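Taking it in order: structure first as structure tokens, then the write-up.
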Amino acid sequence: MVRRAALVALLFALGACKSTKAPPARDIASLEDATTCRPCHAAIVEEWQGSLHATAHADPIFRGLRELRSKKEEDLDAKCAVCHAPVKSTDGVTCFACHATASLHTGPGRGSNLLSWSKTGTLYGPSDLPEDRTPVHGTAKAPAHMKDGASLCLACHGDLANASEVPLCQTATEWEATKTTKTCVDCHMQAAKGAATVATTKVEHRSHRFAGPRGLWTKTSTAVAGLGMVGLRVDRADDAIEVHLENRTGHAFPSGFPGRFAKVIATAGEWRQEVLLGKRYVDAEGNPVIAAYGVKIAADTRLTPGETRVVKLMPPKGAGPVDVKVVHGLLPPPLAEKIGLHGELTELRVIATAKVE
Ligand code: HEC
Ligand code: HEC
Ligand code: HEC
Ligand code: HEC
Ligand code: HEC
């Protein structure tokens, strides 16, 4: 009997011991705020602040389109928020949105519906860390989605279709179609100088600028280094010129938001010819509409994954040297007009140039 009582007491003591040793209660609300991370992950916080993820909830093109569509559709804010403002309406894709993700679901939902966030204040990264490396947040072993370079990204960047089941974003399918072994992280989170965490000795970390084409407009994030978006070469072939376009991205070019487009513009004196690389959505009558209301993609002339395309153009005889450039645009001019967008974001940016005599 005595021994049994002692055992019970011991079990009690162990239980008590366990509860005093339980991880400190973490302030989840403060972990949702990126400024909390600055003292210890300064370089990463600064990069992220200049990225489109930080402003995904406030981006003027996003807001303009949301407002336009909300004239026809109900509950739009919540539908967009799962990817553009997954944690709160006043924030974009925050550190917490990605790093509190303990596990990833597969299923019909998108964005935050697929992300299971830690309720204990543990943050997950790509390293297998022992518990409690810092009093501020929990640390743990790296979950698979933090190491494979793509599955976390595809929770939001994966394929998306409109109500008529016409594809909008197709980045996932496109990436799978490339023969590249490179992941989203390999190209979009390249190594940058500086330690990821204060007081660690690593001299490099994964950049959190999430470099993409928008950097050409905002000048905050740089392009994906060492790639360029399209390779351009121009040759003469008898009376014609041959424009060689090489897709250097890891998916179609352009990818993602269906309004993105590029144009090849060739000029020689008065002569000018343009070739569009983009998608055109139409309604049931065949009239052009925004992607969300399309019943069909009438044309998709984007560069396919890994494609090198040769486009033949015919300048008039004796036209002299031909200048060729590739320009990139963020959204179709009629859409910019509809959402009242003016200024820099409606301009085209030159991404490649070439000339033949
Ligand atoms: C499944 C996740 C997801 C949902 C839901 C979603 N978006 Fe997006 N959206 C994205 C991603 C990822 C991008 C970035 C793609 C790119 O850069 O091309 C994006 C980009 C955009 C852009 C382009 C912004 C720019 O940089 O020019 C607009 C506009 C936009 N979304 C509008 C909306 C609206 C309006 C809704 C709600 C009806 C919505 N999105 C719902 C994931 C989503
Ligand atoms: C008081 C300092 C401190 C603060 C504040 C802090 N962290 Fe950490 N964090 C650390 C330390 C220390 C580690 C362990 C680093 C190591 O051992 O390599 C760590 C690790 C991490 C990791 C895992 C890195 C990996 O390589 O797997 C992530 C992700 C992370 N922190 C995110 C955050 C976020 C997001 C915030 C803000 C909400 C934050 N941290 C705030 C100190 C801090
Ligand atoms: C081989 C490298 C590579 C891989 C792999 C890759 N990308 Fe890209 N991606 C690029 C380049 C290059 C661009 C063009 C932008 C630039 O250079 O600024 C781009 C552009 C984008 C854009 C902007 C699309 C637009 O036109 O607005 C998004 C969004 C994107 N990538 C997401 C992803 C996702 C998600 C993955 C993984 C499924 C991925 N990328 C894989 C190289 C890559
Ligand atoms: C869109 C998702 C996303 C967001 C937002 C994000 N991260 Fe990360 N972060 C990642 C991924 C993915 C990795 C791991 C990349 C790899 O090594 O494969 C990573 C790596 C890290 C690491 C380890 C870096 C290294 O190179 O050792 C730290 C620390 C970290 N993030 C902190 C932060 C902080 C702080 C913020 C907010 C300012 C933040 N992250 C925002 C996705 C994100
Ligand atoms: C919670 C949803 C979410 C996750 C997870 C996410 N993204 Fe994004 N990402 C977005 C949204 C939304 C935008 C577009 C913001 C806008 O323009 O309004 C975006 C924009 C981008 C851009 C900028 C493209 C441009 O046009 O310049 C790149 C690059 C990118 N994401 C890469 C990644 C990578 C790599 C990962 C995985 C490590 C990732 N994203 C994970 C939602 C997400």
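Bear in mind these aren't lab numbers, they're just calculated from the coordinates by the rules spelled out. All values derive from a computational prediction rather than experimental measurement. Counting neighbours? That spans all protein chains shown, and the Cβs are built from the backbone with ideal geometry, glycine included.
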Handout entry: Rounded to whole Hz, the Karplus (6.51, -1.76, 1.60) HN-Hα couplings of region 306-315, x for glycine and proline
Key = x, 6, 10, 10, 10, 10, 9, 10, 10, x
Problem - Relative packing of 167-173, 256-262, which averages over residues the other C-beta atoms within 10 Å, highest first - result: 256-262, 167-173
Completion exercise
Per the 1/(1 + (r/R0)^6) rule, R0 = 56 Å and r from the Cβ atoms of Ile28 and Glu242, FRET efficiency to 0.05 is 0.45
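Which entries of Lys79/Lys119; Lys141/Lys202; Lys88/Lys193 have Cα-Cα distances beyond 26 Å here?
Result: Lys88/Lys193 exceed 26 Å.
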Problem - Principal axis dimensions, largest first and in whole angstrom, of the chain by Cα - result: 108, 49, 35
Practice task
Could you check the simple spin-label distance between Ser116 and His342, using points 7 Å along Cα→Cβ, in nm with one decimal?
Solution key: 5.1 nm
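I'd like to compare 149-155, 311-317: which one has the highest average count of other Cβ atoms within 10 Å, and what's the full order after that?
For the peptides 149-155, 311-317, the packing ranking is 149-155, 311-317.
What is the projected area of the convex hull of the Cα atoms of region 230-356, averaged over all directions, in nm²?
8.9 nm²
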Problem - Candidates per GluC sites (Glu not before Pro) in region 126-191, loop by DSSP, up to 13 other Cβ within 10 Å - result: Glu131, Glu165
Exercise for the section: Considering Cα pairs under 8 angstrom that are at least six residues apart, work out the relative contact order of region 230-356 and quote it in whole percent. Expected result: 30 percent
Handout entry: Residues of region 115-131 with amide N under 18 Å of the 7 Å Cα→Cβ point at Ala144
Key = 115-117, 124-128
Handout entry: Dipole magnitude of the chain, debye to nearest 20 (Cβ charges: Lys/Arg +1, Asp/Glu -1, about Cα centre)
Key = 980 debye
Handout entry: Within straight-line cross-link reach of Lys325, lysines at Cα separation under 16 Å, skipping those fewer than 8 residues along the same chain
Key = Lys263, Lys312, Lys355
Fill in the blank from the handout: If one compares the long axis through the Cα atoms of helix 60-70 with the longest principal axis of the Cα atoms of the chain, the angle in degrees, nearest 10, works out at 90 degrees
Problem - Selection from Ala42, Ala354, Thr139, by position along the positive dipole direction of the chain (Cβ) - result: Thr139
Exercise for the section: Rounded to whole Hz and in sequence order, give me ³J(HN,Hα) for region 73-84 from the Karplus expression 6.51 cos²θ - 1.76 cosθ + 1.60, θ = phi - 60°, writing x for Gly and Pro. Expected result: 10, 8, 6, 5, 3, 5, 5, 7, 4, 3, 10, 8
Fill in the blank from the handout: In terms of the charge dipole of the chain, which places +1 on Lys and Arg and -1 on Asp and Glu at the beta carbon, the residue among Val166, Thr197, Gly256 farthest towards the positive end is Thr197
Problem - Test item: Cα-centred dipole of region 230-356, Lys/Arg +1 and Asp/Glu -1 on Cβ, debye - result: 200 debye
Exercise for the section: Give the long-range amide H neighbours of Ala102: residues separated by 5 or more places, or on another chain, with amide H under 5 Å away, using H modelled in the peptide plane at 1.01 Å from N. Expected result: Ser116, Trp117, Ser118
